[in-house]
Every structure is written in C-alpha cells, then in structure tokens.
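The values are calculated or read from the model by the stated rules, or taken from the named source; none is laboratory data. The structure presented is a predicted model; accordingly, all values stated were derived computationally and were not measured. Note: ideal-geometry Cβ built from the backbone for every residue, glycine included; neighbour counts use all protein chains shown. Surface accessibility is based on the protein's heavy atoms, side chains included, excluding ligands, DNA and RNA. Shrake-Rupley method; radii C 1.70, N 1.55, O 1.52, S 1.80 Å.
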Amino acid sequence: MNEHPFLPGLESLVKPFRFPATPHEYKITALRECPTPERLVLCETPDKAADYWRMHIATGAYYNPECECLAVLIVNTRRRVKGHHLVSIGTMDTLLVHPREIFRIAIATAANALIVMHNHPSGESQPSEADIKVTRDLIRAGQILKIEVLDHVVVGNGNFSSLRSLGYFV
C-alpha cells in the first residue's frame, strides 16, 4: 500500500478492509488522487457536495448504484475537501453504519469536519426515518469528539436532499 500523501504512516493506523471473497480494499481517497475543479474543492453547500458525489464517488471503482452506499467527505477548517472515504455498501434499501466507522476515518485524517452522503437506489432523495436517526446520532458523536458534521446529503437520480436544509440539524 502506498504512503498516504497527507499523513505519512497513516497505513499503520487504518487497516485496509476487504470483503470476504473479493480482492478489493477500501481506502481514503485523497483529493490529489482525484482531480477536482476549484469550485468543488470548497464544499460549503449541499449542491457542491452532490456535484462532488457525482464526479468522484459515483464514478469510483467500488461504488454500486444498485445498493445504498455511504461516503464521508473529509473537510478541513476552511471547508475545503481533503478527500473522501466510501464507508459502507448496503443492500437495495438498507445500509448498516455506526458512528465508529464514520469517525474512525475523521480521526485518522485529523478532519475538522465531515459531510456524510449516501444514495438511494430508488432515485428518491427524501430522507427516511432511519436516515434522520443516524444523522442525529452522528451529530451527537461529533459534538463529543469536536468534529462537526456539516451535513448529511441523500443523493437520488438527478436530485438530492440536505438534512441540514430540511431542518434536522437543530
């Protein structure tokens, strides 16, 4: 495994995860590895986060549009994206995620904040009750760790919903 461009020695902290019976491993994708237009590096709005999703996450090797996939954008103090990590791949309508998996990457990369994003294969971007509950759990965990959860963006087919814009970040 190559050395991480931002944090030398990171590989000793974050072990690659392999699904049984597949040769693929998941890693933090640094922004240097995915050329990004300057307008998307500064990720202050949900539409920029959705554009980042379409440009980098939805075109990634591990992304499966037929299943719910959850990714985290790692953001610095100036709200600039440092990279992203595909945290979990679920089934057609379910995704297992725990704050531990989300914040493990944020801590290992010294993230100041993060943006949580996932897709709905149905194409409907309206957040479910489970999405809202997970978001509230992540906000509480982030408050304890002093890592701000800036937004949770649900991506559909050509549309998206921001849980912050919908008022779930109180």
- Message: I'm checking my understanding of the structure. Among residues of segment 150-162 that are open to solvent by less than 20 Å² (accessible area, probe 1.4 Å) and touching a Lys or Arg at 6+ places or on another chain (Cβ under 9 Å), which one is nearest to residue 58 (Cα to Cα)?
- Response: 155
- Between residues in segment 130-149 that are of a type in the set (Ser, Thr, Tyr) and residues that are open to solvent by less than 60 Å² (accessible area, probe 1.4 Å), which pairs lie under 8 Å by C-beta distance while being six or more apart or on different chains? 135/116; 135/127; 135/149; 135/152; 135/163; 135/169
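If a residue counts only when it is open to solvent by 20 Å² or more (accessible area, probe 1.4 Å), which strands (runs of 3 or more DSSP E) contained entirely in segment 67-135 have at least 2 such residues? Talk me through it step by step, then tell me what you get.
Values: elements: 69-75, 81-89, 113-119.
Passing ranges, in order: 81-89.
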